[in-house]
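J.: I'd like to ask some things about the structure below.
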Amino acid sequence: MDADFVKPDELPELTIERLGPATIEYPQKRGAAHFIEDDEKVMVYADSESLKACTAAGIEPPMFEKAGPRRRIFFNPQQINAGIVTCGGLCPGLNDVIRTITLTLSWQYGVKNVFGFRYGYLGLTSNAPVEPILLTPDVVDEIHLEGGDILGSSRGDQDLDNMIDNLIKKRISMLFCIGGDGTLHGASQLCAAIKKCNLEIAVVGVPKTIDNDIMGTEQSFGFSTAVEASRVAIQAAHGEAKGAWNGTAMVKLMGRDSGFIAANVTLANSDVNFCFIPESPLVIEGDNGFLHLLEIRLDRRHHAVIVVAEGAGQNLTENGLHKTDASGNVIRDDIGLILKKKIQQYFEARNKKTALKYIDPSYMIRTLPTDSNDATFCLMLGQNAVHAAMTGRTNMLIGYWNQHFTHVPISLAILRRKKVDLNGDLWQTVLATTGQARA
């Protein structure tokens, strides 16, 4: 894998929690369905070394449940209400998933009421700034054509008892939590509180983050669109760099803890000469440091393009102080501005001219409509989330693994952030493509 995944001895229990036995026949609302049997599984490890490790440890190779519609469901669709909540930062595809969940509940299962809770988990509390939206096929008809999030979002924890009280008041039987690491932590805590109260409320997550840093799924929605949008900035950077003598253009992209956007867009735009990600230490001084290698590059080719993820090079921060946002994420110092200053100082000290341009498209790539890959991905994630919730599965999210949609326990998703494997094919290909180790 291109990500540093969990080793067999660290893997949590993959059995998915259920509220009870599924005894109700699947409602044939829209023609025959291709049913998935409960014993259909997807191998977690596909490489021989990991399988050997399982054998050496005396354990069966772990498997995910395969996602999809079941012949029998837990909930009677005519007797339930469903809720959708979106949390964390904005991301391409939020409206696509909201639309798909709403339409699948309404058309395939006949659920009458689907509520969209506004502005994250705050919208589940008695302090919600506005009432939830009643989502209908008409309301969501064209929202997938727009970027942003019709429900709005927010960060931060909320009182669990307060949220549960409001779920009970709205007679919510299933809640779809669309978000990343922080959202899934919140969903896990909510599941525990619901279980303690002996309530039959299913909680199913849908993995959302442009950073693609959620463990247990090869891709989260929004990532493909973010990479595609980032290409525009890099194309502009390349033009700026070549348009001046010793032209240097630097693009800062999102990637707080994981450099998947920066790494993938570097391969999509092979004009990039230096790529820096949080997983790899950023050395700037010395003969093998970035500044000297940049000087060699400019002396030879007279232009350079640099891509840096926002979380890269935090060893270079000047104050060493870090604040956190409402989700507990560290607010990084702007590595782009730090590098810009160091590049200017380095070349000024050597009396060499360089035309430096700094491009920061960070938030522009979060609010776009989806590209075709993400649009398809969002639809399939949303449908499978509904299928899982209707069977009474809970405390889980829909993942994508080895070309299959899967059921993933939230405990795995929040175990730690997924990061680029520095010894994997992705990063090694980046190094080979940029040639940054040799300028």
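The values are calculated or read from the model by the stated rules, or taken from the named source; none is laboratory data. Remember, it's a predicted structure, so these values are computed and weren't measured experimentally. As a convention, Cβ positions derive from the backbone with ideal geometry for all residues, glycine included, and neighbour counts pool all protein chains shown.
J.: Of all residues in segment 98-141 being of a type in the set (F, W, Y) and out of contact with any Ser or Thr (no Cβ under 8 Å at 6 or more places or on another chain), which is farthest from H387 (Cα to Cα)?
T.: F117
J.: Taking D374 and the conditions (1) surrounded by 23 or more Cβ atoms within 10 Å (Cβ to Cβ); (2) over 15 Å from the mean Cα position of the chain (by Cα); (3) under 19 Å from T104 (Cα atoms), which numbered condition does it fall short on, given that it satisfies the others?
T.: Of the numbered conditions (1) surrounded by 23 or more Cβ atoms within 10 Å (Cβ to Cβ); (2) over 15 Å from the mean Cα position of the chain (by Cα); (3) under 19 Å from T104 (Cα atoms), the odd one out for D374 is (2).
J.: Another question about this same structure. Examine segment 404-413 for a residue that is crowded, with 16+ Cβ neighbours inside 10 Å, modelled with pLDDT under 95 and among the polar types (S, T, N, Q), and state whether such a residue exists.
T.: no
J.: Does segment 256-277 contain at least one residue that is among the aliphatic types (A, V, I, L, M), surrounded by fewer than 21 Cβ atoms within 10 Å (Cβ to Cβ) and assigned to a loop (DSSP other than H, G, I, E, B)?
T.: Scanning segment 256-277 turns up no residue that is among the aliphatic types (A, V, I, L, M), surrounded by fewer than 21 Cβ atoms within 10 Å (Cβ to Cβ) and assigned to a loop (DSSP other than H, G, I, E, B).
J.: Can you tell me which residue in segment 347-369 is surrounded by the fewest Cβ atoms within 10 Å (Cβ to Cβ), limited to those that are at pLDDT below 95 and among the hydroxyl-bearing types (S, T, Y)?
T.: The selected residue is Y363.
J.: For the condition out of contact with any His (no Cβ under 7 Å at 6 or more places or on another chain) and closer than 30 Å to T367 by Cα, what is the one hit in G58, G89?
T.: When all the criteria are applied, what remains is G89.
J.: For S372, state whether it is closer than 29 Å to G205 by Cα, without any contact (Cβ under 8 Å) to a residue 12 or more places away in the chain and not aromatic (F, W, Y).
T.: yes
J.: Checking the conditions here, which among G152, G182, G148 is of a type in the set (G, A, S), assigned to a helix (DSSP H, G or I) and modelled with pLDDT under 95?
T.: Checking each option against the conditions leaves just G182.
J.: Which condition from (1) surrounded by fewer than 24 Cβ atoms within 10 Å (Cβ to Cβ); (2) of a type outside the set (G, A, S); (3) farther than 22 Å from T370 by Cα; (4) touching a Gly at 6+ places or on another chain (Cβ under 9 Å) is the one that R118 breaks?
T.: Among (1) surrounded by fewer than 24 Cβ atoms within 10 Å (Cβ to Cβ); (2) of a type outside the set (G, A, S); (3) farther than 22 Å from T370 by Cα; (4) touching a Gly at 6+ places or on another chain (Cβ under 9 Å), R118 violates only (3).
J.: Right, something else. Got a sec? Which of P92, P27 is in contact with a helix residue (DSSP H, G or I) (Cβ under 7 Å, 6 or more places away or on another chain), within 28 Å of I143 (Cβ to Cβ), surrounded by fewer than 17 Cβ atoms within 10 Å (Cβ to Cβ) and not β-branched (V, I, T)?
T.: The match here is P27.
J.: Restricting attention to segment 392-429, which residues are part of a loop (DSSP other than H, G, I, E, B) and under 16 Å from the mean Cα position of the chain (by Cα)?
T.: Matches in segment 392-429: I414, L415, R416, R417, K418, K419.
J.: Just checking: which of the strands (runs of 3 or more DSSP E) contained wholly in segment 1-119 hold 3 or more residues that are without any contact (Cβ under 8 Å) to a residue 40 or more places away in the chain?
T.: 113-117
J.: Name the single residue, out of those in segment 95-133 being among the basic types (K, R) and touching a helix residue (DSSP H, G or I) at 6+ places or on another chain (Cβ under 9 Å), that is farthest from L379 (Cα to Cα).
T.: Checking each candidate, the answer is K112.
J.: Now for a separate question. Yes or no: A263 without any contact (Cβ under 8 Å) to a residue 60 or more places away in the chain and more than 30 Å from N351 (Cβ to Cβ)?
T.: So A263 does not fit the description; no.
J.: Just one of A432, A389 is free of Cβ contacts under 8 Å to residues at least 12 places away in the same chain, in a helix (DSSP H, G or I) and out of contact with any helix residue (DSSP H, G or I) (no Cβ under 7 Å at 6 or more places or on another chain); which is it?
T.: A432
J.: Out of G435, G399, I need the residue that is on the phi > 0 side of the Ramachandran plot, outside the structural domain of A262 (by TED's automatic domain parsing) and not hydrophobic (A, V, I, L, M, F, W, C). Which one?
T.: The match here is G435.
J.: Is it the case, given these coordinates, that A236 is more than 18 Å from S372 (Cβ to Cβ), surrounded by 22 or more Cβ atoms within 10 Å (Cβ to Cβ) and not β-branched (V, I, T)?
T.: Answer is no for this residue.
J.: Here's something else I'd like to know. Between L337, L356, which is closer than 30 Å to F274 by Cβ, part of a strand (DSSP E or B) and outside the structural domain of G179 (by TED's automatic domain parsing)?
T.: L356
J.: Mind checking whether some residue in segment 5-18 is of a type in the set (A, V, I, L, M, F, W, C) and within 28 Å of K170 (Cβ to Cβ)?
T.: yes
J.: Report the residue count in segment 297-338 for those that are closer than 26 Å to I210 by Cβ and at pLDDT below 95.
T.: Number satisfying all stated conditions: 25.
J.: Testing K196 on (1) surrounded by 23 or more Cβ atoms within 10 Å (Cβ to Cβ); (2) not assigned by TED's automatic domain parsing to the domain that holds T354, one condition comes back false. Which one is that?
T.: (1)
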